[in-house]
Amino acid sequence: MPLDAAFVGDDEFIYRRIPVSTGWYDPAAAEPASPRAFQPHPENDPEGLSVSRAKSEEHPDFPSLGEASLGPSRHGYFVAVLRVGDLRQRGIDVVADPLEENPGHALIPDLTSGNRNSAGTWELMSILADELTLRVEGPFHVADESPTD
Amino acid sequence: MADTSASRSAALPEASHADDQKAAGVAGEWQRVFDLLEEWRRSPGRVDEDDLIWPTEESIDAATRLVEMLRDGGKAVPLRVVPGGDGGISFEYRPEGSCGIYNIDEAGKVERLKFERSKLVERVAVPLTV
């Protein structure tokens, strides 16, 4: 991993996976994703909401859109695309949290399992879904071949 | 243009037919919500591959009562009825420029949230009256 990978740049894109099975996004509805798509898990997000930094020339080891869409659900996933600088302009930080299986793993530390139902968290979830999501890609299915960016 | 009794009587059945069709459409949309809740009732509280917790019996019971309350009160059918991922259920509305959500938690407690341009402007408990 490059030495500067610990710093998440404003011009980086991040991915947030949305399980198709939940109905949190419907491409036919022409409406933003549900804020629920950005709610931390009751137990699995103690340090922050999981996102993935996007593959780029600077970070070729980070996942592509197709790779970011891979997960255990047989129904597949949508992927919301956001820009780090847009989040920071709204006071929402993104920090690196590399994992062995995903060196591009990152966290939004303001959104945690502990505060997942607070008024402030619901407001941030709404901002992420309604104002900061640039687009939602997919659906991608487990059986699909990974699309290229 | 003068509205003669003949033209009124000709128009009324059409309007009534349109109203009937609209009512039938709305009834069908509410029925789809009931069907979805019944589908979830087959395996309440299951944990899926993403570790998401699907609606509990308590939240499904409360959602069913909420549907009856909204339907009988003449409210619009929600844009989406979705699992919360924590055993609860959300009903989402998207009127222009705002967002309204009924959240039902895993124990069946209901609250209503209203957002104006993503700002939370209202959060109140909703008693189920049905």
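Looking at segment B:38-130, the GluC sites (Glu not before Pro) that sit in a DSSP loop and have at most 11 other Cβ atoms within 10 Å of their own Cβ are B:GLU96. For the protein assembly as shown, the alpha carbon positions stretch 83, 47, 39 Å along the principal axes, listed from largest to smallest.
Assuming charge only on the beta carbon of Lys and Arg (+1) and of Asp and Glu (-1), the dipole of segment B:5-125 about its Cα centre is about 600 debye to the nearest 20. Distant-in-sequence amide contacts of B:LEU79, defined by a placed amide H-H separation under 5 Å and a gap of 5 or more residues or a different chain, comprise B:GLU92, B:TYR93, B:ARG94.
Karplus-derived 3J(HN,Hα) values for segment B:85-97, using 6.51 cos²θ - 1.76 cosθ + 1.60 with θ = phi - 60°, are x, 10, x, x, 9, 10, 9, 10, 10, 10, x, 3, x Hz; glycine and proline are entered as x. Annotation: amide H-H contacts under 5 Å for B:LYS109 (H modelled 1.01 Å from N, sequence separation of 5 or more, or interchain): none. Rounded to the nearest Hz, the phi-derived 3J(HN,Hα) couplings of segment B:36-41 under the Karplus curve 6.51 cos²θ - 1.76 cosθ + 1.60 (θ = phi - 60°) are 5, 4, 5, 4, 5, 5, where x marks glycine and proline.
Partner shielding of B:47-53 amounts to 6, given as the average count of beta-carbon atoms from other chains within 10 Å of each residue beta-carbon. Amide H contacts of A:GLY104: A:LEU99, each under 5 Å away and 5 or more positions distant or on a separate chain (H built 1.01 Å from N in the peptide plane; Pro and chain starts excluded).
Listing B:ILE104, B:ILE60, A:ILE92 from fewest to most neighbouring C-beta atoms within 10 Å gives A:ILE92, B:ILE60, B:ILE104. As a calculated quantity, the FRET efficiency between B:GLU116 and A:ASP93 at R0 = 25 Å, using C-beta atoms, amounts to about 0.50. Can you list the lysines whose alpha carbon is less than 28 Å from that of B:LYS75, not counting same-chain residues fewer than 8 positions off? Those lysines meeting the cut-off are B:LYS22, B:LYS109, B:LYS114, B:LYS119.
Checking the a/c ratio against 1.5 first, then a/b against b/c, what shape does the Cα gyration tensor give for segment A:17-110? Rounded.
Quick note: the coordinates plus some simple rules give every number you see, no bench work behind them. All of these numbers come straight from a predicted model, not from anything done at the bench. Don't worry about glycine lacking a Cβ; one is built from the backbone with ideal geometry, like all the others, and counts go over all protein chains shown.
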